[in-house]
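Here the structure is laid out as structure tokens; the discussion comes afterwards.
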Amino acid sequence: MKNSQSKRRSRRVLDRSLLVLGAGTLAAGLGAMTLAPGLSAASSHREAPLIAGDPRADNTDVYAFTSPDKADTVTMVANWIPMEEPNGGPNFYAFGDDLRYNIKIDNNGDGVADVTYSWRFRGSYRDDANQFLYNTGQVTSLNDPDLNFRQVYDLVVTTGGKSRTVLRGVPAAPSRTGQASMPDYAALRKQATFSLPGGGKTYAGQAEDPFFADLRVFDLLYGGDLSERGQDTLAGYNVNTIAIQVPKKQLALRGNSSRNPVIGVWSTTERAGVTVNDSRDAKVNKQWKQVSRLGNPLVNEVVVPLKFKDAFNTLNPSQDRTVQPVVDKVYDPILPKLIQQVYGVPAPKTPRNDLAEIYLTGICKVCGPIKADLNAHSLNKDAVLRKIVPAEELRLNMAVPPTAKPQRLGVLAGDLAGFPNGRRLTDDVIDISLQAVEGAAQTGVLVPALADGDKVDTNDVPFGTSFPYVALPHTKNVNRGPGATGRSAEQTATENTAASTAIQPTQAAALAGAGALLLGVGGFRLRRRKES
């Protein structure tokens, strides 16, 4: 045991050295690489400079969690196109035909995807010569002749370098154009939810944006006036959602989720025909290029400096340790200094090895100061320790069972099934991240001055209780004008639950034709300090 621990400690030291010594690799490359004007990259609600002009490629959020109603599976949800105003016609919101949308899984810790799910969309009109409308009448099914614009997609799964198409030409759910046009969107969602060979299901279509936060935090942390918090900036907006639920054995290293329960998850968007010019090479290369990437929430927004946001999103996680300016900001983050400047809350001492655990290595007793075994790839019994590298991924220990009553602060509230162990729809990642950056994950005590966070603790509408769990799209316009009354929830839990049944392959063909291994984690219970 001592020898094993010594090896792990040595590996941690080596990884830290790689973070420093390998830094120059990308720094030199960035100086020579010129990204063509069409190459935009970013993630999470328009935060990187180029992505604001490329919303179809903008991946807003990624979620990964053990399915609460089907505990032998994992559900992964990725969203695109931020701030979709429900009445944004006449063209509404389509997935990009020239894009490839991916959800990737690393099960051995080398920062390279071992399993990749890829969605490719194709859009078409029934009549674009004599119509201007998205739909020409009330839409009651995905093959309704009144649905003028429709999209179908292929789903390709890649494992071990081999790809296979598991769904071909199946329809995505359309944008919800309103109550008059689509009075029963739950029925359309059912039709757009498909069973997968070997178990599992997938959905692609519109949904209510599940991210909840008061984003005026970026106005210098509410301008120093905490009384102005509490408005959900994303309330009323929709997103384009891709969700997939698969058996854990399909994701785990060697297919064994008991011995190897830890996975890393991230999503990417790739654009076809992107031009990349290298000043060291006169050749011009046109191929699929990654233009967006997202793993942990808020990393690109509040950790990565502006200068490197777009370049960071072109990288594979295996390259993260070579980007010294970004690595530096993990160990010496900007945000605590801003909080100290505005609110006088002392910034924790650096280097921030606790944040490196959360974002780069996963949490384990020998990984850093958070003394618990939770979601580091080194906990996988069949992992090769020398191949594990620091990489920014959303890590999930699939052995942690779903929580009957999830706590919005996740691990900080003693709920080990929540962020930063994966991410559930209900996890309050703004508040968790604020506390973590102030050292709460290391001390086990919340910072009192920031205990209320942004005061947006839940989503504006309830989530569903079964796949795909996201709420149905809003139909009321967000901007009601001066003096308008507050929004009322349009969806109900019952409506969302009714929308969650997967259709069987025969139906799909018809439509297409037209805590067992958690090591020592029981002691990891970070709780809020009791009020005196």
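The values are calculated or read from the model by the stated rules, or taken from the named source; none is laboratory data. Since the structure is predicted, the reported quantities are computational estimates derived from the model, not experimental observations. For neighbour counting, all protein chains shown are included, and Cβ atoms are generated from backbone atoms with ideal geometry for every residue, glycine included. Heads up: the accessible areas ignore ligands, DNA and RNA and are worked out on the full protein's heavy atoms, side chains in. Shrake-Rupley method; radii C 1.70, N 1.55, O 1.52, S 1.80 Å.
Restricting Lys283, Lys307 to those that are part of a helix (DSSP H, G or I), modelled with pLDDT under 95, open to solvent by 10 Å² or more (accessible area, probe 1.4 Å) and out of contact with any Phe, Trp or Tyr (no Cβ under 9 Å at 6 or more places or on another chain) reduces the list to Lys307.
Hey, among Val447, Val470, which residue is aliphatic (A, V, I, L, M), out of contact with any Lys or Arg (no Cβ under 8 Å at 6 or more places or on another chain) and surrounded by 22 or more Cβ atoms within 10 Å (Cβ to Cβ)?
Numbers: Val447 fails: surrounded by 22 or more Cβ atoms within 10 Å (Cβ to Cβ).
Only one candidate qualifies: Val470.
When we screen Asn459, Asn496 for residues that are at pLDDT 60 or above, open to solvent by less than 60 Å² (accessible area, probe 1.4 Å) and farther than 27 Å from Arg229 by Cβ, the only hit is Asn496. The set of residues in region 84-120 being surrounded by fewer than 21 Cβ atoms within 10 Å (Cβ to Cβ), of a type in the set (A, V, I, L, M, F, W, C) and touching a Leu at 6+ places or on another chain (Cβ under 8 Å) consists of Val115 alone.
Among residues of region 114-139 that are of a type in the set (Val, Ile, Thr), those with a Cβ under 6 angstrom from a residue that is assigned to a strand (DSSP E or B), sequence gap 6+ or separate chain, pair up as Val115/Ile105; Val115/Thr159; Thr116/Asn102; Thr116/Lys104; Thr116/Thr158; Val139/Leu147. Taking region 170-216 as the range and being small (Gly, Ala, Ser), surrounded by 24 or more Cβ atoms within 10 Å (Cβ to Cβ), touching a helix residue (DSSP H, G or I) at 6+ places or on another chain (Cβ under 9 Å) and outside any loop (DSSP other than H, G, I, E, B) as the test, the residues that pass are Gly205, Ala207.
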